[in-house]
Amino acid sequence: MPVSRESSEERVGVLLVGLGALSSTLIAGIEAIQQGTAEPIGSLTQLYRCNGDSNDQALKDVLPMARLSNLEFAAWDIFSDTAYESATKAAVLDPTVLEGVRSRLEELRPFKAVVDSNSVRRLKGQHVKAGSLLEQSQELEAEIQAFKEARDLDRMVLVLANSTEITHERGEEAQSRAKFEAALRAGSEKVTASMIYAYVAIKLGVPVVNCTPSHCLELPAITEFANEMGVPLCGKDLKTGQTLMKTILAPGIKARYLGLSGWYSTNILGNRDGEVLDDPESVKTKVNSKLSVLDSILEPTRHPELYGNFYHKVKIDYYPPRGDNKEAWDNVDIFGWMGYPMQIKVNFLCRDSILAAPLVLDLVLLTDLANRTGWKGHQDWLGFFFKSPLLEDQTQPVHDLFRQHIVLEDALTRLRKQNTVRLVETKSATA
Ligand SMILES: NC(=O)c1ccc[n+]([C@@H]2O[C@H](COP(=O)([O-])OP(=O)(O)OC[C@H]3O[C@@H](n4cnc5c(N)ncnc54)[C@H](O)[C@@H]3O)[C@@H](O)[C@H]2O)c1
């Protein structure tokens, strides 16, 4: 650990696995905010205001979170494009906007990616590590350590923003750290690249944020290892677009005791994520992640007369002309007084990475704060940000956005208290 700095000056490394649309939009936005040409719209950590005893102060002034100017980025990708080249190809941001942040984006060229044999089948990148899975993991570990030293970092957070992997059936490798390490040494095909990134991060005491629908953080082997190392984890799959709308709308239908007979959701998207999801095995991972939300919000067993028999269908289609500008249609068949049917139609023309980038910023800052506060394992309170929140006790997650927000606010209050105590203790120890 470098010599102690003021908490607000601590330097945090953001290790981006995947330098695609999401990661490049995140970095471009952070740079634009620092230059004063953009506002941090959509970011809770930057815009939330605490009321009560501290009289409406900004959260970022109350909690000792890292400052945007103290974030340093590293990335890994199967393509060698710099963040600028990647952002240009992703076409989320206008060329004129990109020009303004070009030098910051050009500085970031990814390290070669860790790859397994078959988790992402649609992409054939050449910028990949050679050698066995074990050798790749050792190279990754050395790169992270060298990055930390070179940038004089206090802490780091690893963000999984790589392509959606196919879901493998769990085997021996999932059961314990020792079995996972044995599978890694043996080069088992059940060990995916995301698992290796997460494993190496935890080994180095680095928290992991899983923005993707991939399953790596659910393995008991990974969860136990994180607890053993005192490392926080959170995931999975950022709640943007259609699922965000669903978890806003469904609690309202339920609050009014209206019934639901069906919810049909379809999406078109044309970015690289969409291309990967054109593989039926990858799309299965994503669709499962999207399907789970309604049961948890509507509680059919408690309200069988309203929700005992609804039909839920989710479709995702790859349609290149739209790029990152996803379009989602929802047809919601509801019924009211005396069973009379009604329909709600939602047509959300969203920008996926524009919705997702501020969530990644929040997750980096909050997971880092959890880490320095000594919170470990799955961070249930961060469920607000995810489509399929992972819980420490593996129980059913809450999906209702408003209930998730209450849980989050409660945790922020605890973080404030614990960090105030910590600051007082540190000051009196150094006095
Ligand atoms: N963009 C969003 O709004 C959004 C929202 C929710 C979830 N997600 C999830 O986040 C992830 C990233 O989304 P995106 O829109 O940036 O996708 P993207 O396809 O633009 O970027 C993913 C990047 O990961 C890289 N990659 C693939 N395998 C890799 C490996 N083994 N190691 C390192 N890099 C690898 C790809 O080359 C690509 O550049 C996806 O899994 C997506 O499902 C994204």
Exercise. Are there any helices in the chain, counted as whole DSSP H runs, that stretch 24 Å or more along their axis by Cα and score at least -1.0 on average by Kyte-Doolittle, and if so which?
Worked result: 133-150, 352-373, 401-430
Exercise. Viscosity 0.890 mPa s, temperature 25 °C: Stokes-Einstein D of segment 181-244 from its Kirkwood Cα radius, in µm² per second?
Worked result: 198 µm²/s
Seminar exercise, completed: Taking a straight Cα-to-Cα line shorter than 20 Å from K246, and setting aside same-chain lysines fewer than 8 residues away, one finds K236, K254, K284, K286, K290, K313, K315, K326, K345, K387
Problem set entry | Nitroxide proxy distance, nm - points 7 Å out along Cα→Cβ at V97 and V128 | 3.3 nm
Seminar exercise, completed: Computed, not fitted: 222 nm per-residue ellipticity of the chain from DSSP H runs ≥ 4 (each -39500 (n - 2.57)), nearest 500, equal to -13000 deg cm²/dmol
For this session: Using DSSP, restrict attention to beta bridges with both residues in segment 3-117 and report what percent are antiparallel, rounded to the nearest 5.
Result: 20 percent
Exercise. If you count the DSSP beta bridges with both ends in the chain, what percent of them are antiparallel, to the nearest 5?
Worked result: 40 percent
Exercise. What FRET efficiency, computed as 1/(1 + (r/R0)^6) with R0 = 22 Å and r the Cβ-Cβ distance, is obtained for T373 and E141, rounded to the nearest 0.05?
Worked result: 0.30
Exercise. For N347, what is the net charge nearby, where nearby means another residue's Cβ is under 11 Å from its Cβ and Lys, Arg count +1, Asp, Glu -1?
Worked result: -1
Seminar exercise, completed: Spelling it out for K315: with amide H atoms placed in the peptide plane at 1.01 Å from N, the residues 5 or more places away or on another chain with amide H under 5 Å from its amide H are S265, T266, N267
Exercise. How would you classify segment 241-349 from its alpha-carbon gyration tensor, with a ≥ b ≥ c the square roots of the eigenvalues: rounded for a/c under 1.5, else prolate if a/b is greater than b/c, otherwise oblate?
Worked result: prolate
Seminar exercise, completed: Contour minus Cα-Cα span, N227 to Y319, at 0.36 nm per residue, comes to 29.0 nm
For this session: Just subtract the alpha-carbon distance of K417 and R151 from 0.36 nm times their residue separation and send over the number in nm, one decimal.
Result: 92.7 nm
Problem set entry | Under DSSP loop assignment and at most 11 Cβ neighbours within 10 Å, longest trypsin sites (Lys or Arg not before Pro)-free interval of the chain | 125-255
Problem set entry | Length-normalised contact order for the chain - Cα pairs under 8 Å, 6+ apart - percent | 18 percent
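Take the chain, mark every one of the GluC sites (Glu not before Pro) that falls in a DSSP loop and has at most 11 other Cβ within 10 Å, then report the longest stretch left between them, sites excluded.
Value returned for the longest uninterrupted segment is 170-431.
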Seminar exercise, completed: Gyration tensor on Cα atoms of the chain, a ≥ b ≥ c root eigenvalues, a/c under 1.5 rounded, else prolate if a/b beats b/c, else oblate, says rounded
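No value in this document is a laboratory result; all are computed from the given coordinates. Remember, predicted model here, so these are calculated numbers, not experimental data. Glycine gets a Cβ as well: all are built from the backbone with ideal geometry, and neighbour counts include every protein chain shown.
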